[in-house]
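Step one of this worksheet: look at the structure below.
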Amino acid sequence: MDNLFPEHISKEDIRKLPLLCFENAIEVVDTHKKCQKALQELKACDLIGFDTETKPTFNKGEYNPTALVQLATEHCAYLFRIGILDYPKPLFDLFTDDSVVKLGISIADDLKDLRRLRPFIPRGFVDLNHVAKEIGTNHIGVRKLAAIFLDGRISKSQQVTNWENEILTEAQRRYAATDAWICLKIHAAMRSKGYL
């Protein structure tokens with residue numbers, strides 16, 4: 001199966017691809033009322049995209065807790081400001097619910113950091129890096145998987161911004177939404193091309 005995928009994708013190759021960006025509704029979830037409503041909608045889904053963001057550290061030994069959890073459907077991306085919400089138990093309950101499949105990329109550290117905040121046993125998570133390896137590509141990571149399966153690229157320009165800002169910028173919101181939504185798109189492309 002290896003020969004179905006490119007052996008090498010350079011940064012230059014990726015830069016030439018069209019930019020992909022989530023363009024539907026984005027909800028910043030920063031109250032318990034909004035959290036309850038968002039979770040109600042997410043629990044009705046079979047598949048959702050998953051990602052997290054953390055305020056960057058620049059010195060060895062520094063640690064910042066997860067600031068944002070992004071959960072996306074095709075039509076709406078929910079950005080949970082979990083520190084402001086005091087790490088809401090109903091959200092963490094969703095992380096243990098295997099009836100809703102959470103699709104992410106390189107999620108081991110995300111889950112490890114979330115479990116430091118409120119212990120839980122993750123269920124229903126699928127790491128698309130593992131799926132990619134199983135179907136024969138030696139490429140992993142969101143940028144390379146987007147290039148292979150969607151013929152597009154995603155911007156990482158907001159990655160090291162401050163996710164604990166009082167107000168998230170439009171660029172931060174769009175970036176965070178795209179990172180979760182793109183997992184749904186990659187999974188759908190894998191399925192439509194017959195790999196799943």
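The values are calculated or read from the model by the stated rules, or taken from the named source; none is laboratory data. All values derive from a computational prediction rather than experimental measurement. Virtual Cβ from ideal backbone geometry, glycine too; neighbours counted across all protein chains shown. We work out accessible area using only protein heavy atoms, side chains counted, and drop any ligands, DNA or RNA first. Shrake-Rupley method; radii C 1.70, N 1.55, O 1.52, S 1.80 Å.
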message: Within 11 Å, Cβ to Cβ, of ALA147, how many net charges do the neighbouring residues add up to if Lys/Arg are +1 and Asp/Glu are -1?
response: +4
- line: Taking 0.36 nm per residue of separation between PHE58 and ALA108 and subtracting their Cα-Cα distance, the length gained on full extension comes to 15.9 nm
message: If you average the C-alpha positions of the stretch 126-176 and of the stretch 181-196 separately, how far apart do those two centres end up, in angstrom?
response: 14 Å
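In Å², and per residue, what accessible area does the stretch 1-129 have when probed at 1.4 Å with the other protein chains present?
On the way: 7190 Å² over 129 residues.
Result: 56 Å² per residue.
Using the structure shown, select from LYS156/LYS193; LYS60/LYS156; LYS60/LYS133; LYS144/LYS185 the pairs with a Cα to Cα distance greater than 24 angstrom.
Details: LYS156/LYS193 26 Å; LYS60/LYS156 22 Å; LYS60/LYS133 31 Å; LYS144/LYS185 13 Å.
Long pairs (Cα-Cα over 24 Å): LYS156/LYS193; LYS60/LYS133.
Whenever you get a sec, compute what percent of the accessible area on the chain sits on carbon and sulfur atoms (1.4 Å probe).
Answer for the chain: carbon and sulfur cover 50 percent of the accessible area.
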message: Tell me the Rg and the Dmax, in Å, that the Cα atoms of the chain produce.
response: 16.5, 50
- request: Quick one: what are the phi-derived ³J(HN,Hα) couplings along the stretch 28-42, Karplus 6.51/-1.76/1.60 with θ = phi - 60°, whole Hz, x for glycine and proline?
  value: 7, 9, 10, 10, 5, 5, 5, 4, 4, 5, 4, 5, 4, 6, 5
field: Amide H contacts of ASP51 (H built 1.01 Å from N, under 5 Å, at least 5 apart or other chain)
entry: GLN70
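Based on the alpha carbons, how large is the Rg to Rh ratio for the stretch 141-196 when Rh follows Kirkwood? Spell out each step's value before the answer.
Working: Rg = 13.3 Å, Rh = 12.3 Å.
Here Rg/Rh amounts to 1.08.
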query: Considering the chain as a Gaussian network with a 10 Å cut-off on Cα pairs, which listed residue, ALA25, ALA146, ALA176, attains the greatest mean-square fluctuation?
result: ALA25
